[in-house]
1. Would you confirm whether or not region A:48-59 contains a residue that is more than 14 Å from chain B (Cβ to nearest Cβ), over 20 Å from B:Tyr35 (Cβ atoms), touching a Lys or Arg at 6+ places or on another chain (Cβ under 8 Å) and outside any loop (DSSP other than H, G, I, E, B)?
2. Out of region A:81-112, which residues are part of a loop (DSSP other than H, G, I, E, B) and either within 12 Å of another protein chain (Cβ to nearest Cβ) or among the polar types (S, T, N, Q) (or both)?
3. Testing A:Pro112 on (1) of a type outside the set (Ser, Thr, Tyr); (2) within 25 Å of B:Tyr35 (Cα to Cα); (3) at pLDDT 95 or above; (4) surrounded by fewer than 20 Cβ atoms within 10 Å (Cβ to Cβ), one condition comes back false. Which one is that?
4. The conditions are (1) more than 28 Å from B:Met32 (Cβ to Cβ); (2) in contact with a Phe, Trp or Tyr (Cβ under 8 Å, 6 or more places away or on another chain), and A:Ile101 fails exactly one of them. Which is it?
5. Which of (1) within 14 Å of chain A (Cβ to nearest Cβ); (2) small (Gly, Ala, Ser); (3) crowded, with 18+ Cβ neighbours inside 10 Å is the odd one out, the single condition B:Ala81 does not satisfy?
6. Give the number of residues within region B:33-76 that are out of contact with any Gly (no Cβ under 7 Å at 6 or more places or on another chain), assigned to a loop (DSSP other than H, G, I, E, B) and either over 20 Å from A:Glu5 (Cα atoms) or not aliphatic (A, V, I, L, M) (or both).
7. Considering only region A:71-95, state which residues are of a type in the set (Val, Ile, Thr) and closer than 26 Å to A:Lys17 by Cβ.
8. Taking region B:95-110, which residues are buried (at least 19 other Cβ atoms within 10 Å of the Cβ), facing chain A (nearest Cβ under 10 Å) and assigned to a strand (DSSP E or B)?
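The values are calculated or read from the model by the stated rules, or taken from the named source; none is laboratory data. Values in this document were obtained by computation on a predicted structure and should not be read as measured data. Note: ideal-geometry Cβ built from the backbone for every residue, glycine included; neighbour counts use all protein chains shown.
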Amino acid sequence: KNQVEQSPQSLIILEGKNCTLQCNYTVSPFSNLRWYKQDTGRGPVSLTIMTFSENTKSNGRYTATLDADTKQSSLHITASQLSDSASYICVVSDYNTDKLIFGTGTRLQVFP
Amino acid sequence: DAGITQSPRHKVTETGTPVTLRCHQTENHRYMYWYRQDPGHGLRLIHYSYGVKDTDKGEVSDGYSVSRSKTEDFLLTLESATSSQTSVYFCAISDQGTEQYFGPGTRLTVT
């Protein structure tokens, strides 16, 4: 069964610190891997999209990496801000069905 | 929220009653999707549409029906609501089936 697993489930960091979120998936073959940010009470918003041939993609202080051989991705947040407090969701697109498979997310809290 | 609105934003209803949720877009995107989000689960696809009057089932479609009579509107109907359908429902749109843009969500409680 195609799965996307994220770790940790939750994370607390201090403002200004860096952090890395992990995503492991079993979807194969896949078209692309996405990271979304979801603020409380809002819909998910796309941060990055990487195809299977891309290793890294940045969006401001957010940098996503992808290792298609080990089926792992990470999202690195640099110099965290209070506004980074949100859930971060890893999503993998199944090449055969075009369906998106969502992870359960990592809940990040940034404290001053 | 990329020109997507959902209505209502919150609803409480009783078991056995019909409920219709509306998704409206101003982007003229071809594809529209309904997802539900529950604790401990990733977003799960209920139904999707690839054009006016063209719809198909997702992975959790039992108990739900959809209709799309206009490009801009995608309706999700719970024919007879059950407590297991208490959830947050998100509509999403995309143009070429790639990037999906999500609406603000509807929180539905079935008592």
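1. Scanning region A:48-59, I find no residue that is more than 14 Å from chain B (Cβ to nearest Cβ), over 20 Å from B:Tyr35 (Cβ atoms), touching a Lys or Arg at 6+ places or on another chain (Cβ under 8 Å) and outside any loop (DSSP other than H, G, I, E, B), so the answer is no.
2. Applying the first criterion (part of a loop (DSSP other than H, G, I, E, B)) to region A:81-112 yields A:81, A:85, A:95-99, A:103-105, A:112.
Listed by number, the residues that qualify are A:Gln81, A:Ser85, A:Asn96, A:Thr97, A:Asp98, A:Lys99, A:Gly103, A:Thr104, A:Gly105.
3. Unmet condition: (2).
4. (1)
5. Condition not satisfied by B:Ala81: (1).
6. Summing the residues that are out of contact with any Gly (no Cβ under 7 Å at 6 or more places or on another chain), assigned to a loop (DSSP other than H, G, I, E, B) and either over 20 Å from A:Glu5 (Cα atoms) or not aliphatic (A, V, I, L, M) (or both) in region B:33-76 gives 13.
7. Pass one, region A:71-95, residues of a type in the set (Val, Ile, Thr): A:77-78, A:89, A:91-92.
Hits for region A:71-95 are A:Ile77, A:Thr78, A:Ile89, A:Val91.
8. As a first pass, look at region B:95-110 and keep what is buried (at least 19 other Cβ atoms within 10 Å of the Cβ): B:100-103, B:105-106, B:108, B:110.
Checking the rest, the ones that are also facing chain A (nearest Cβ under 10 Å) come to B:100-103, B:105.
The answer is B:Tyr101, B:Phe102.
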